[in-house]
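> My questions will all concern the structure given below.
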Amino acid sequence: MERSSFDPAKKQCDTPRRRSSSKNIKTNEAYIVPADIPYFPAEGNKTPADIKTSEDKKSTALEPTLSQTQLSWYRALCNQILSEWNEKKEFAVWWQCKQADGIAVFKRQSVVPNRPSVFRAQFTVRDVPAKRALDVYYDTEIRLSWDGSLQKFNTLENLDLGNLPSRLQYTSYGSRGFIGARDFVDLGVCSIDHSSKRYIYAASSIAHPDYPPKRGTVRGLIYSSGIEVNSITASGVEFCKIILMMQVDMMGWVPSSAISSWNIDGLYDTAKALRNAIKKCSTQRQLK
C-alpha cells in the first residue's frame, strides 16, 4: 500500500489525498485516513516504554526520546502548520454565518481540494493581556473547566523543538445530534511574538502508531485549527482580538446539514464559553 510521506525538505506530503486503510496503525478496527495526513517516522529511537501513556491517563511533562530524523520531522511539520494557519487567516472572502452577542462566525471553502470548509469565529475582550487569553485556551486543566464540549484533553508528549513550543495532544468529544463520539490525535504548536503581542496556537492531525484509534469512537481529523490572539491598544485601553479557526473532517458518515450545524453552532458556543472564561480568569489569577 502506498503511504503518505511527509518530506521535511519539501514541507508537504508527496502523495495525493485519498482515503485508505493504514496497516501501520495497530488497532482492532480499520484506521481510515487521508493520504495527506503525515505519518510519524518509525525509524530511530522510540519513546521509552516507561514514559508511554494512554489517552486515559493525565500526563504531565512527558519527555520522549526521539531521533534527529523524528525531531526534524516534527519541526518541519510545526512550521507547515503555522504556515497553513497564516494562509487561511488571510483568505480574502468569507461568508458570515452567524452574528450574536459580539461574536461573528464566518465560513469559506478550502483552497486545498477535497478538504472540508474552514470556519472562523472572532470577538474582542477588553483589559486582558493577550498571553493570558491564549493560556485559557491552551492550558489543558483550564480548558476542561470551561469547554463543555470536551470529554478529554490530554498532553501525550511534550516536544523540545527550541523556539517552537509544541506537544502531541489527545482530545475527545461526546455525541452531538447526528454526530457520534469523535476523538483526535494532533500535533500542536505555539507561535509567540512578545514584541507584536501576537500569539498563535494551532494543531493538525497526525497518524502515530503509539496512539491508535479506540473501538467505538471515530478518529476525526483537523487541519491547522486553533486560536490567534492579538493585542490592540486604543485610547489607552488594551483589547484582545481573538480569532478561532476550525477545519475538521469528521470522518465516517455524517449528514452534510449536521456537519454545517456542528461547525457553526459549535464554534459559536466555544467562542462564547472562551470569552467568559477569559474574563473570569483575568479576575482570579495571573496565568503563567
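The values are calculated or read from the model by the stated rules, or taken from the named source; none is laboratory data. Remember, it's a predicted structure, so these values are computed and weren't measured experimentally. Heads up, the Cβs are rebuilt from the backbone with ideal geometry, glycines too, and the neighbour counts pull from every protein chain shown. Note: areas computed on protein heavy atoms with side chains; ligands, DNA, RNA excluded. Shrake-Rupley method; radii C 1.70, N 1.55, O 1.52, S 1.80 Å.
> Consider Asp50 against the criteria (1) at pLDDT below 85; (2) surrounded by 14 or more Cβ atoms within 10 Å (Cβ to Cβ); (3) not in a loop (DSSP other than H, G, I, E, B): it satisfies all of them except one. Which criterion is unmet?
Single failed check for Asp50: (2).
> Could you grab me the full set of residues in the stretch 163-193 that are open to solvent by 50 Å² or more (accessible area, probe 1.4 Å), in contact (Cβ under 8 Å) with a residue 12 or more places away in the chain and more than 15 Å from Thr270 (Cβ to Cβ)?
Passing the criteria: Pro165, Gly177, Phe178, Ile192.
> Please name all residue pairs, on different chains or six or more residues apart, with Cβ atoms under 9 Å, provided the first residue is in the stretch 114-138 and is over 24 Å from Asn154 (Cα atoms) and of a type in the set (S, T, N, Q) and the second residue is open to solvent by less than 10 Å² (accessible area, probe 1.4 Å) and not in a strand (DSSP E or B).
Close Cβ pairs satisfying both conditions: Ser117/Gln247; Ser117/Asn263; Gln122/Ala271.
> Would you check if there is a residue in the stretch 229-246 being under 30 Å from Ala76 (Cα atoms) and open to solvent by 50 Å² or more (accessible area, probe 1.4 Å)?
For the stretch 229-246, residues under 30 Å from Ala76 (Cα atoms) and open to solvent by 50 Å² or more (accessible area, probe 1.4 Å): present.
> Restricting the search to the stretch 77-113, which residues are touching a residue at least 60 places away in the same chain (Cβ under 8 Å), among the charged types (D, E, K, R) and closer than 27 Å to Leu187 by Cα?
Once the filter is applied, which keeps residues that are touching a residue at least 60 places away in the same chain (Cβ under 8 Å), among the charged types (D, E, K, R) and closer than 27 Å to Leu187 by Cα, the stretch 77-113 yields Glu84, Lys88, Lys89, Lys107.
Let's see how each residue does on (1) assigned to a loop (DSSP other than H, G, I, E, B); (2) closer than 14 Å to Ala203 by Cα; (3) touching a Ser or Thr at 6+ places or on another chain (Cβ under 6 Å):
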| position | (1), (2), (3) |
| --- | --- |
| Val125 | no, no, no |
| Val128 | yes, no, yes |
| Lys131 | no, no, no |
| Asp135 | no, no, no |
| Arg143 | no, no, no |
| Gly148 | yes, no, no |
| Lys152 | no, no, yes |
| Gly162 | yes, no, no |
| Gln169 | no, yes, yes |
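> Scan (1) open to solvent by less than 30 Å² (accessible area, probe 1.4 Å); (2) more than 22 Å from Gly177 (Cβ to Cβ); (3) at pLDDT below 90 for the single condition Ser205 breaks and write down its number.
Every condition holds for Ser205 apart from (3).
> Still on this structure, please answer the following. For the condition open to solvent by 30 Å² or more (accessible area, probe 1.4 Å) and either farther than 23 Å from Lys197 by Cβ or of a type in the set (S, T, N, Q) (or both), what is the one hit in Asp127, Asp147, Asp139, Asp101?
Residue meeting the stated conditions: Asp101.
> Then there's this: Are there any pairs, at least 6 apart or on different chains, whose C-beta atoms fall under 8 Å, with the first in the stretch 258-282 and farther than 18 Å from Gly226 by Cβ and the second assigned to a helix (DSSP H, G or I) and modelled with pLDDT under 90, and if so, which?
Within 8 Å, the pairs are Cys281/Arg132; Ser282/Arg132.
> State all residues of the stretch 75-98 that are open to solvent by 30 Å² or more (accessible area, probe 1.4 Å) and within 25 Å of Glu238 (Cβ to Cβ); if no residue qualifies, say none.
Listed by number, the residues that qualify are Asn86, Lys89, Glu90.
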